């Protein structure tokens, strides 16, 4: 069927639904079951149907809207990058349509991308896409897309923080203070940033000929950091610890204070992210500052370049982190 003649009725007939259901899908309504939504989207693609709002934008040549897919927006990295993307998009004269997905299965991400593509977007940014089986991810044909902080095996352009480089700064700082080794409170094992920070910690110790202590594992929360801090205080061996984020570092520092371990006199602590609270703890936290604003700007610039016709090279751009030294680190006692 010719796209110029395709109508909502054609889509409804092919999908076996009402025209009202087609309208709901086209407008991004959540009151449609996933199976029905997928049937309607497939029918739209099959007949070449474009919602009226999209048709008007196509005549202008641009929707001036970017789609963003995110997962676990409550986490510091995700929310900070999304905030930076929204600001950068606004500065470039674009609005943002955001979808927060429940899982990173390739089918869920593909379905979210398809929904966004039918809501009149020019390009797509996927935030922290720790996608299961990324090789099977099928995005809408011709949709310019970039990804933040993900391992995509060269499938899409990627912009993100240099997590490994930042972790190296943290561990090397502690070793420069004459600590004989550095313990590590790691993030979740299924997190790509956590794995990068963990590997860099291990690599630095190996390069110095030092044995890596047993890893403590948290879930990014201050509560898990508190539990790890109690464990570290009971063992009584550590003089330095690198925490994979600031929330866990704050929980660990509280546990140490409750256990009579002084920071930094007895234990030096370094975090990661530099959240606003980090400089206002009872002992201000030495941490690694992530370049969230720069990552957001580069993601928007990269997807706009793709929209403008730049070659679809699947390169990787890592933006350096910065060590911020405060009061929670000192020479080995």
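The values are calculated or read from the model by the stated rules, or taken from the named source; none is laboratory data. A quick note: this is a predicted structure, and the numbers were derived from the prediction, not measured. Neighbour counts are summed over all protein chains in view; Cβ atoms, including those assigned to glycine, are modelled from backbone coordinates with ideal geometry.
Descriptive notes on the structure:
- Evaluation of residue 39 against the conditions (1) at pLDDT below 65; (2) crowded, with 18+ Cβ neighbours inside 10 Å; (3) in the same structural domain as residue 15 (by TED's automatic domain parsing) shows that the sole unmet condition is (1).
- Residue 32 being at pLDDT 85 or above and either more than 17 Å from residue 121 (Cβ to Cβ) or over 33 Å from the mean Cα position of the chain (by Cα) (or both): no
- When residues of the stretch 112-130 are limited to those that are over 19 Å from residue 199 (Cα atoms) and under 11 Å from the mean Cα position of the chain (by Cα), the one modelled with the lowest pLDDT: 129
- Residue check, residue 153 part of a loop (DSSP other than H, G, I, E, B) and modelled with pLDDT under 70: yes
- The residue that is farthest from residue 242 (Cα to Cα), among those in the stretch 189-209 that are in a loop (DSSP other than H, G, I, E, B) and at pLDDT 95 or above, is 209.
- Against the list (1) in the same structural domain as residue 228 (by TED's automatic domain parsing); (2) surrounded by 13 or more Cβ atoms within 10 Å (Cβ to Cβ); (3) more than 21 Å from the chain's Cα centre (by Cα), the condition residue 275 fails is (3).
- Selection over the stretch 220-249 of residues that are closer than 24 Å to residue 204 by Cα and either buried (at least 20 other Cβ atoms within 10 Å of the Cβ) or not assigned by TED's automatic domain parsing to the domain that holds residue 184 (or both) gives a count of 17.
- Entirely in the stretch 234-333, the strands (runs of 3 or more DSSP E) that have 2 or more residues that are more than 24 Å from residue 180 (Cα to Cα) and in contact (Cβ under 8 Å) with a residue 60 or more places away in the chain: 316-319
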